[in-house]
1. Residues being in a loop (DSSP other than H, G, I, E, B), touching a residue at least 12 places away in the same chain (Cβ under 8 Å) and crowded, with 16+ Cβ neighbours inside 10 Å: count how many of those fall in segment 165-185.
2. Does segment 580-587 contain any residue that is more than 30 Å from residue 870 (Cβ to Cβ) and touching an Asp or Glu at 6+ places or on another chain (Cβ under 9 Å)?
3. Out of the residues in segment 596-630 that are hydroxyl-bearing (Ser, Thr, Tyr) and assigned to a helix (DSSP H, G or I), which is farthest from the chain's Cα centre (by Cα)?
4. I'd like the residue in segment 550-595 that is in a helix (DSSP H, G or I) and charged (D, E, K, R) and, out of all such residues, is farthest from residue 817 (Cα to Cα).
5. Can you confirm whether residue 512 is without any contact (Cβ under 8 Å) to a residue 60 or more places away in the chain and either buried (at least 22 other Cβ atoms within 10 Å of the Cβ) or not in a loop (DSSP other than H, G, I, E, B) (or both)?
6. Out of all the residues in segment 90-103, is one or more under 30 Å from residue 386 (Cα atoms), at pLDDT below 95 and assigned by TED's automatic domain parsing to the domain that holds residue 27?
7. For a quick check of your reading of the model, give me the residue pairs whose first member lies in segment 64-79 and is part of a helix (DSSP H, G or I), whose second is among the polar types (S, T, N, Q), with beta-carbon atoms closer than 9 Å and at least 6 apart or on different chains.
8. How do the pairs read when you match residues in segment 629-640 that are of a type in the set (A, V, I, L, M) with residues anywhere that are at pLDDT 85 or above, using Cβ under 6 Å and keeping only pairs 6 or more apart or on different chains?
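The values are calculated or read from the model by the stated rules, or taken from the named source; none is laboratory data. All figures in this text were calculated on a predicted structure; none of them were measured in a lab. Here the Cβ is made from the backbone with ideal geometry for all residues, glycine too, and neighbour counts use every protein chain on show.
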Amino acid sequence: MKPLDPQTVRLSGRILIEASAGTGKTYTLAHLFLRLVLEKALSVDQILVVTFTQAATEELRGRLRQRLRQAKDILEGREVQDDLLSAIKDSIQNRDEALILLTDALTRMDEAAIFTIHSFCQRMLQEHAFESGALFSMEFLESEYLLRRRIMEDFWRLRFYRAPEDETAWATTFWKTPADLLNNLGGHFDRSEVVCLPTVAPGEIKQREKDLNQLFARLQALWRSSGGEITLLLQQAREKKIISGAQKKYSAKYIQQATESMDTLLHASPAPWLLPDELILFTTDNLTKCLLKRAEEPVPDHTFFTLYQEFSSSHAQLERLRRSALLQAARDYLRQESTRRKQAQSQLYFDDLLSCLDKSLQAENGQRLAKTINRRFPVILVDEFQDTDPLQYRIFSTIHQADPDSGLFLIGDPKQAIYGFRGADIFTYLKARRDTRPENRLTLGTNYRSSAKMVAAVNWLFDRSNSFIISREQMVFHPVRAARETGKKTLRVNSDSPAPLQWLLLPETEKKNGLSKNEAGEFSARFCAHEIAELLKAGMEEKAMLDNTPLVAGDIAVLVRTHNEGELIRAALDRLRIASVYLSRQSVFDTPEAQLLAGLLHTFADPANTAQLRTVLASELFSYTAEQLDQFQHDETRWEEICVTMANYRQLCLRQGFVPMFQQLLAEQQVVGRLLATPSGERKMTNLLQLSELLQEAEQKLTGIKKLLRWLQNKMEDVDNSGKSDQLRLESDENLIKIVTIHKAKGMQYPLVFLPFPWSARTRKNNEPLTFHLPDNPERLQLDLVPTDTDHFLLADTEQLAEDMRLLYVAVTRAEYCCFICWGRISNMERSALYHLVKQPMRPTTHTPETCQDFLAHSPDGLMAIKPYP
C-alpha cells in the first residue's frame, strides 16, 4: 500500500486509509476535514463524519474545531508548530477568502454533521420519510432484549405446552428456559445475509423418523428374542477381562443399569426422543474403545450390537436435525414477530435504524434517495471503519455510488478489529479494500504515540509470516517508523532505560501440561502486583522517572479481557494496599451490588420469607455474622426488633420511594463507613448509589415493589444490552492504577502497560453455535446452529484466534514505553494468540522458535528483558 500524504491525497472517489496504532488517524481525519472546508468550500454540515460511539463523536467535534482554529491562527500570523498547516498556508492563494471559510466553519461547528452510524440513519429516516417509507412518528428504543424474550416465551408456549412429554423433556435437556433458547441463537438471528446450517430439507425429518422407527422395530424384536443372551455376553466379557470392568464402563452394576434401561426403552413406541447415557454399552464403538490391551479374545460379537450402533448413530443425526429445525423455527418466529410487533407499536430499535435505511436505499426508488443524501453530503469520512459490518458498508457504498465523483474515505486499522461479538466483520473490511482501487489504498506509516524502542519492539513482535492468522495477502503487517523523539519524555528506572517488552516468567511446575489456568491466574496477578509495587516504590524514591517527574500510579494500566480477570488483579493489588480503579463497559446491573439490592427488594416483596430475610441480614448492607443470626433464633425480642425495622424500611419504600428508604438504611446501618473501610469499598458504594438512582428513575413508570423487583431482575438478565446510563461509573478521579478491559482501552495510551493473562484463550461453551466464513465465500457469514463438522470447528477456531491476535495487538500498542507480559508453561496456552505468535518464523532470520526461552533468546538486543517469578 502507498503511504498517505494528508496534504496531497485526492478529496474525491473511494479512498481507504489504513492507520496502525499510534499513527495519527484522528489528526489525519481532522486535516482532511480542514482541506475540504478550504479547497472544496464545503460547509461543516456538508461533510458527513461517522464514527461508532457517542463519546467518539464529541471527541471528534473537539479535534475538528481545534484543527480549524489552528489553521485560522496560522493564517492570521500567529505561530503554530505544524508542518501540514504550514503547507496549507503556503498553498492558499486568497487568504481573506480562506479566513471567511474558516470563521464560518468555526461559528457553525455545533451544526457539523458528526454522527454515530445509528444517529445518522435515524436523521436520514426522519428527514426523508417520504422517500424512505419510514413512519413520521416513531418511538426509538435502545435495547430489544425484553421484546425478544417475550416473543421467545410465546414461541416456547406454542411449541411445547401441548407437545408430547417426550419431546418437551428432550428440549429441556438443551434449553431449560425460553431465555436459554434465545441466548443459544446468539446475536445473528436478524441478519438476513447469514447462512444457517445445517440445512433441513422439507420432509427430511419425517423420513428420518420413519427410517429410525424401522430400525427400532428390528431392535425390539431382537431384544425380545435374545436380550438375556446379549446381557450375558457383556457380563462374560467383563469377567474374562476382555473389556474394562471399571465404573461407568462395563462394571456389573452399570451393565445391570444399561440392561434395565434397554428393557424400558424397547417397550416404548415410537422410538423415544432421548436415549439414556448408559445404553452406549451396547454400541460396537464403545466395546472396541473399552477393549483391554491384555485381552486374549476379541470383543463380544452379536448382531444386536451392530444394529444398536446403527440406531444410535441415526438417532444422533436425527437429534441434530431436530435441534437445527427448532432453532431455525425459533429464529424465523423471532424475526417475523419482532417485525410485526414493532410495526404495530410504531417502535424502532437501534439496529432497525440501519436495516430500515438500507431497505430504503435498495428499494425501487432507492437510487433517488441515495442521490438526495449524496447531494446533502458530497464527502463522507467513516472513522473506525474496521468495526463495520455488511449492512453498514452497503449503506455508505450505495450513497457514494450515486455520484462516484463524491468522496468516501474509509479510515481504520484491520489489526484493531476487535468487536466481532457486536457483529463487526473483518471480512467486510477486506471486501471494502478489494473494492477500492489499488492506487487509492493508502497507509499511515509513522507512530507518534510510543517511544522508538517500543515501536521497534512491536514491529519485531508482529512482523512474522502469518502473525494475524487470516491469509497474509489480506492481513499484512506493515512495520511503522517511530516519530522523532523531540518533545517526548524518557523513562528511566534505576538510571537505565528499560527494555520495552518485559517478560514476567511464571514459576515452573512438574505437571505434564504446565500450570492450571487457576494457578497461572493467581501467579500472574501476584507477579504484576509485585512489579507495580516495586515501580511505585522506585517512583517515590525518584529512581523511576519520566524525565524529571517521578513515576506514579496514574502512569500504569493493567489490561484484562474479562471482569473476573479485573477482579483477580484488583484483589492482588488490594493485598499490597495499592489503590486501583476498574474501567470497563460492564453494566452496573452485572455486579454483586445489583444482586444485593435485588435481595433487599425480594425481602420487601415477600416479607414472610424468613430465609430471604436472613440472607439480606448477612449481606454487606447489615453484616450480621452467622453466630449473631443463630443467636436471634433464641432471642425472640431481638428478632422481633429486626423484623419491625425491616417492615419500617418496606413501608418507607412504599410511601416515599426507594431512594429515601435506602438513604435511611445507609445511615442507620452505618453502611458507608463499613464499606469504605474495605479495599474495594469505594467501588461498591459507587455501584450502590448508581443503582439506587436507576431504581428511582424506574419507579416513575412502575407501581409496587414487585414490579420494581421484576424490572431490576430483567436488567440483570439483559446486561449485554445495557445503555450508557447503566455502565459502571468511575468511582474516583484520583491518581490510581487503572485496570482496564482491552476493548475499553482501544484508542487510549498509557506510559506502562501490564498484560497479566495473554496466555489465556476463550473457552467455547457446550452447544454454542459456530460462526465462520468459508474460504470460497468469505462475504457470507455461516451460522452452524448444531455444530459437529470438524472443518466448521477449525474455521471458527481460526477466526477466533485471529480476533484474539488483534486483541493482543491492541493491548501491546497501548504502551508508550514499556509493556509487561506474563508468560510461562500453562495448560491450554497453545490456544492463545501469544503462543501462536511465539511459534511463528522470525524475520529476517526465518528461525522458528521451539520454546518460549528460544523465542526470547533470539530477540534483538535491548528490546526484551526477562524477569523470573520473585
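1. 1
2. From segment 580-587, those more than 30 Å from residue 870 (Cβ to Cβ) are 585-587; that's our starting set.
Next cut, touching an Asp or Glu at 6+ places or on another chain (Cβ under 9 Å) only: 587.
Yes: segment 580-587 contains one or more residues that are more than 30 Å from residue 870 (Cβ to Cβ) and touching an Asp or Glu at 6+ places or on another chain (Cβ under 9 Å).
3. So the first thing to find is which residues in segment 596-630 are hydroxyl-bearing (Ser, Thr, Tyr), and the list is 603, 610, 615, 619, 623-625.
Still in the list and also assigned to a helix (DSSP H, G or I): 603, 610, 615.
Details: 603: 34, 610: 40, 615: 33 Å.
Taking the candidates together, the pick is 610.
4. So the first thing to find is which residues in segment 550-595 are in a helix (DSSP H, G or I), and the list is 553-555, 563-575, 588-590, 592-595.
Then keep just the ones that are charged (D, E, K, R); that gives 555, 565, 567, 570, 574-575, 590, 593.
On the way: 555: 11, 565: 24, 567: 26, 570: 23, 574: 25, 575: 27, 590: 34, 593: 37 Å.
Taking the candidates together, the pick is 593.
5. Details: without any contact (Cβ under 8 Å) to a residue 60 or more places away in the chain: yes; either buried (at least 22 other Cβ atoms within 10 Å of the Cβ) or not in a loop (DSSP other than H, G, I, E, B) (or both): no.
No.
6. To start, the set of residues in segment 90-103 that are under 30 Å from residue 386 (Cα atoms) comprises none.
For segment 90-103, residues under 30 Å from residue 386 (Cα atoms), at pLDDT below 95 and assigned by TED's automatic domain parsing to the domain that holds residue 27: absent.
7. Short answer, once both residue conditions are applied: 72/103; 74/86.
8. Short answer, once both residue conditions are applied: 629/614.
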